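Notes to accompany the following structure.
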2 protein chains.
Amino acid sequence: MGVTRYSRQREAIRDYLLSTTSHPTAESVYKEIRKDFPKISLGTVYRNLNLLVSQGKALRLSIGDGNDRFDGNIHPHNHFFCKNCGRLMDLEMDPIDHINLIANAGFDGEVQGHSIYFYGFCKDCKKGDCKKI
Amino acid sequence: MGVTRYSRQREAIRDYLLSTTSHPTAESVYKEIRKDFPKISLGTVYRNLNLLVSQGKALRLSIGDGNDRFDGNIHPHNHFFCKNCGRLMDLEMDPIDHINLIANAGFDGEVQGHSIYFYGFCKDCKKGDCKKI
DNA sequence: TCTCTTATCAGTAATCATTATTAATATATA
DNA sequence: TATATATTAATAATGATTACTGATAAGAGA
């Protein structure tokens, strides 16, 4: 602990997160980064992902399957989980921040925000030509 | 596996889930059921919680802290997570199912539903007299 | 009621994702 | 360049959950 120094491994991890919308797990990030850093350790990936999240440079997403996913896009946006192929994807839609107000009405605490996952079938799985991932 | 037979352990687990709104973890359920079944095993708790969920008789809630929580109330309702004390509680509010329509507009798949967690400070933590749990 | 089949159990070992430890290496500053 | 220390690779440890195993008990038929 102290200052945060530069490391090429961390930069590579961040660059990868910024380059994809696949919301990879730590394991997926590990597999990808290993192409450029064959000796990188899974622990290093976890440590840097946690650091990036705590610095607000990445988001941690949990869909309840026991594997955390990470997102380099920190701008507020919503996500969609396909029940068939398991893909987690971005979902562009009109803002729905008003639901915080609805939640606050009649609530005796303080609602600050929300985390939301839409689910159903993605385009490919709806058409029936989806390859499970 | 064939028919599902009756078991008092499973009935006790389900009764407990129906009697509380505390959204207990498997470990919490285990501690509670042990009062009546001192010899029950944690594995039995997990197995029956999973069975109840797969039968649609209970809900599994994941807030991303690594511990699944369970809810005997299967009617659609929303949840609130207190960032201070960690409590997960029910949040009564006007229905917001219209957000599924908003999400579907412009989406090329099929949005069937959503899972949402509001977060902030609960009543007690807002007042500052909350005992962390 | 008595058997018989097998689902469920208690106990425990195994698994999986994640975190902690440690000695070696890399970064930054003087 | 020398020094201090953050970061790394490798690996051990942790904690939640699942799988396995022999014993027990539900419940259907004799």
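Values in this text are rule-based calculations from the coordinates and carry no lab data. Computed from a prediction, not measured in an experiment: that's the story for all the values here. Positions of Cβ are backbone-derived with ideal geometry, glycine not excepted, and every protein chain shown enters the neighbour counts.
If you go through region B:42-63 and pick out every residue that is of a type in the set (D, E, K, R) and in contact (Cβ under 8 Å) with a residue 12 or more places away in the chain, you end up with 1. Consider region B:98-133 and keep the residues that are assigned to a helix (DSSP H, G or I) and among the hydrophobic types (A, V, I, L, M, F, W, C). The one that is farthest from A:Lys127 (Cα to Cα) is B:Cys125.
For the residues B:Phe107, B:Phe121, the requirement of being closer than 19 Å to A:Asp94 by Cα and facing chain A (nearest Cβ under 7 Å) singles out B:Phe107.
Scanning region A:1-41 for residues that are among the aliphatic types (A, V, I, L, M) and touching a residue at least 40 places away in the same chain (Cβ under 8 Å) yields A:Leu17, A:Leu18, A:Ala26, A:Val29.
The listed residues are A:Tyr119, A:Tyr30, A:Tyr6, A:Tyr46, and the only one of them that is more than 16 Å from DNA strand C (Cβ to nearest atom) and among the aromatic types (Phe, Trp, Tyr) turns out to be A:Tyr119. Counting only helices (runs of 4 or more DSSP H) that sit wholly inside region B:3-97, those with at least 2 residues that are within 9 Å of DNA strand D (Cβ to nearest atom) and within 14 Å of chain A (Cβ to nearest Cβ) are B:42-54.
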